[in-house]
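Shown next, in C-alpha cells, is the structure this report addresses.
Only the coordinates and a few stated rules stand behind these numbers; no lab work does. It should be emphasised that the depicted structure is a prediction, and the values quoted were computed from it without experimental measurement. Cβ atoms come from the backbone with ideal geometry, glycine included; neighbour counts cover every protein chain shown.
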Amino acid sequence: MKKLCLGLFAAGFSLISDSHAVAQDKIRVGLSSVSALHGAMWVAEQKGLFRKHGIETEIIVTGQGATAGIGALLANDIQIASAGGDSLVNAALRGGETVMIAAGVNKGLNRIMVRSDVKTPADLKGRKIGATRIGAVSHSVLLMMLKRWNMSPTDVQVLQLGSSPNMLQALDKGGIDGAVMTIPFVFIAEDRGFRVLVDLAETDIYYLHTMIASTRSYIKANRDNALRFLKGFLEGIA
C-alpha cells in the first residue's frame, strides 16, 4: 500500500512539474547586435531567471542595429527588443506604438576606431566609415561627433555593414578607414593596431545606448508577462 501511495505521489508530482513547464509564458526577445551591452539578457537567460518568474524566452539576434530590431518589434516578429533608444523614439514619432519599458545603458559605449594614419577628426574627410545601419545607434553616434567636430555628414562616406564583426573585417581588409564599434570588438580592433579616435564614454554626451522596448498593444494585453520578464531582466543586472 505504501509503495502504491508513493507511486501515486511521484506520478502526481511529475504531472504538476510538467504542468508548470507548460505554464511558462513565451516571449521572443530580439537583440540588435552581438555585444556585451546585452550581457544582462544573456545572464538572465542562462541562469534561468526568466523561467524563475514563469517566462520562457527565445532570444534571437536581429542584427543590423536598432533599426532592424525595432522593425521586427513593430512587425510582431518579437515581443521585446533590446536596442538603441534613438530608433525607438524615431519610430514613435512616425506613429509607431513603440514604448520603452526599461533602460540598460544611458551613456555611450561606442568608440570610433580608425586606421593608424587617421590622427585627427579632420583626417576623416573623404574617408569611408562603417556603421551598422543608417538610423542605428552607431550612425547616430557618428553624426553627433561630426557635429561636435564642426564637420558635415557629407564629409564622410558611411557604409552600412550590419555589425561590429563585419566592420572589424572591413578594417582588416582596408575596405573602410574607420568604424563606430562596440565592446568587445573595440578591444580586438586595438589589439590589431587600430586606434581609438574617440571614446563616447569619456565624453559628456548622454543618450539611451541600450533600452528594453515593446509595443503598447503587447503591454496592454500582456502586462503581467511583461512585469515578470522585467523581474528576470533586473535580476540579471544584479
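Find the centroid of the Cα atoms in the range 182-238 and in the range 106-157, then give the distance between the two in whole Å. Using only Cα atoms, the two centres lie 20 Å from each other. Per residue, the convex hull spanned by the alpha carbons of the chain comes to 144 Å³.
When you count the other C-beta atoms within 10 angstrom of each residue and take the mean per peptide, 161-172, 220-231 line up highest first as 161-172, 220-231. Ordering Asp86, Asp177, Asp155 by the number of other Cβ atoms within 10 Å of each residue's own Cβ, fewest first, gives Asp155, Asp177, Asp86.
Could you work out how much longer the chain between Asn106 and Thr203 gets when fully extended? Use 0.36 nm per residue separation minus the Cα distance between them, nm to one decimal.
Full extension from Asn106 to Thr203 adds 33.7 nm.
Computed from the C-beta positions of Arg192 and Val43 and an R0 of 25 Å, the FRET efficiency is 0.30 to the nearest 0.05. When restricted to Cα atoms, the range 111-204 yields an Rg and a Dmax of 11.6, 33 Å, respectively. Rounded to the nearest 0.05, the FRET efficiency derived from the C-beta distance between Glu58 and Arg127 at R0 = 45 Å is 0.65. A simple spin-label model places the labels of Arg51 and Lys147 4.6 nm from each other, with each point 7 Å out along Cα-to-Cβ. Sorting 73-79, 202-208 by their mean Cβ neighbour count within 10 Å, with the most densely packed peptide first, gives 73-79, 202-208.
Near Ile70: Cβ cut-off under 15 Å, other residues only, Lys/Arg at +1 and Asp/Glu at -1. The net charge is +1.
Do the alpha carbons of any pairs in Lys107/Lys173; Lys107/Lys231; Lys119/Lys173; Lys26/Lys220; Lys125/Lys173 sit beyond 26 Å of each other, and which pairs?
As for pairs spanning more than 26 Å Cα to Cα, those are Lys107/Lys173.
Here is how the number arises for the chain: DSSP H runs of 4 or more residues each give -39500 (n - 2.57), the sum is divided by the residue count, and the result at 222 nm is -12500 deg cm²/dmol. With neighbour counts taken as other beta-carbon atoms within 10 Å, the residues Glu56, Glu45 rank, fewest first, as Glu56, Glu45. Charged side chains reduced to their Cβ positions (Lys and Arg at +1, Asp and Glu at -1) give the chain a dipole of some 300 debye around its Cα centre.
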